[in-house]
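Inspection log for the structure reproduced underneath, given as structure tokens.
The values are calculated or read from the model by the stated rules, or taken from the named source; none is laboratory data. Computed from a prediction, not measured in an experiment: that's the story for all the values here. Each accessible area value is taken on the protein alone, full model and side chains, heavy atoms only, with ligands, DNA and RNA left out. Shrake-Rupley method; radii C 1.70, N 1.55, O 1.52, S 1.80 Å.
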Amino acid sequence: MPARTGRRSLLAAGLAGAAMPALAQQEFPNRPVRFVVPTAAGSGVDLLTRVLADCMGRQTGHTFVVDNRPGAASAIGTQHVARQPPDGYTLLY
């Protein structure tokens with residue numbers, strides 16, 4: 001590989017890396033984040049998720065909601081999350 005091609009590749013990679021922080025300037029989250037728990041309310045997983053959502057809400061100043069969707073051996077909640085857009089606002093716990 002000629003030295004010129006190698007320098008051009010390094011320059012292109014450096015410019016692409018420098019542009020990444022500008023693209024990441026959007027504030028996240030700008031709407032409530034939902035934790036979907038595929039078990040019943042009051043279960044151990046539900047309580048742990050509520051503690052986590054509360055701590056994250058206090059630390060970030062944003063809203064985190066716990067949404068219980070029990071049934072069908074956790075399939076109902078899991079399928080619900082799978083159908084949501086992959087934007088990071090609906091999480092399966």
statement: Listed by chain and number, the residues whose amide H is under 5 Å from that of V36, excluding neighbours fewer than 5 places away on the same chain and using placed H, are D67, L91, L92, Y93
task: Report the accessible area of R50, computed with a 1.4 Å probe over the heavy atoms of all protein chains in place, in Å² rounded to the nearest 10.
output: 100 Å²
